[in-house]
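Nothing in this text is a laboratory measurement; each read-out follows from the coordinates by a stated rule. The structure presented is a predicted model; accordingly, all values stated were derived computationally and were not measured. Cβ placement follows ideal geometry from the backbone for every residue including glycine, while neighbour counts extend to all protein chains displayed.
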Amino acid sequence: MLIDWFTVGAQAVNFLILVWLLRRFLYRPVLAAIDAREKKVAEKIAAAAAQEAKAQVATEELRKRTEAFDHDCEGLKRRSADEGAAERQRLFEAARQDSQVLRSKLAQALTAERTELGRQLSMRTQAEVFAVAQRALLDLAGVSLEDRVIEVFITRLRGLSDKQGLELSGARAPAALAGESPTAVPVRAVLVRSAFAPSPSGRASVEAAIRERLGANVTVHYETAPELICGVELTVDGLKLAWSVAQYLSSLAQEVAALAATELAAPPPAPPPAVSKEPAHAP
């Protein structure tokens, strides 16, 4: 077989021309497109990495903020709980103090009411005793209670001890003691207070007893005092001599109050022991 070198050379030239043309017009644009695409891909990867880094930073910051928020919430809860407990304690203490004040006021009010009731009861008791005694004396002896009170008061006035008599008559002038004229002795004012107006005979008896004790130069004035139930009171130069049923009633009231206080202070009886109601079991 004969080789046509002209044809071979022509084909070789054609192949070289084809390779040059492919490289000039095909490979270079394709390589450029590949390089551009790879560059774009690399840029996108870099952008994605940057976004991921930013996302990680944002996530870390969000985590830190969440932890700080949770810590602040816990602090607020504890502070709220402490403030609530303190406010509850303050309100409880205020309520306790208010309760003590109210209890004290109630006790004072009860004490005042009991005192007033006792005073009213004492006054009514004295009045009733006066009325009953007066009716009893009128029915039994035919003597009024006023006259009997005057008699008892005169008896007490005349029965004073020497020391009491000197205290009551201590302001008598030495001239009277020496027997001088009564006109030289200054007149002394004597006030007699009673729950009733004495009768003329009662006044005469009282004045006679007063002059026996204080001397003749005295002026007796009378005054009605309803609070002196069944009693008479004599006042001279600041000194006082009194007798009334109220003294006995006051003593009786004190004894009754002491007895009542003793009874109230006594401890209550112990309750009886509880009896078990469980059924007995047969052996």
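Just a few scattered comments:
- Euclidean distance of C-alpha centroids, segment 220-238 and segment 19-68, integer Å: 126
- Sorted by Cβ neighbour density within 10 Å, fewest at the top, the residues 222, 27: 27, 222
- Summing charges over neighbours of residue 109, with a neighbour being any other residue whose Cβ is under 13 Å away from its Cβ, gives +1 when K and R count +1 and D and E count -1.
- Once the Cα-Cα distance is subtracted from the 0.36 nm per residue extended length, the residue 96 to residue 189 segment shows a gain of 27.4 nm.
- Surrounding net charge for residue 86, when Lys and Arg each add one and Asp and Glu each subtract one, Cβ distance under 11 Å: -1
- Note that segment 145-158 has calculated 3J(HN,Hα) couplings of 5, 4, 5, 5, 4, 4, 4, 5, 5, 5, 4, 5, 5, 6 Hz, one per residue in order, obtained from phi through the Karplus relation 6.51 cos²θ - 1.76 cosθ + 1.60 (θ = phi - 60°); glycine and proline are x.
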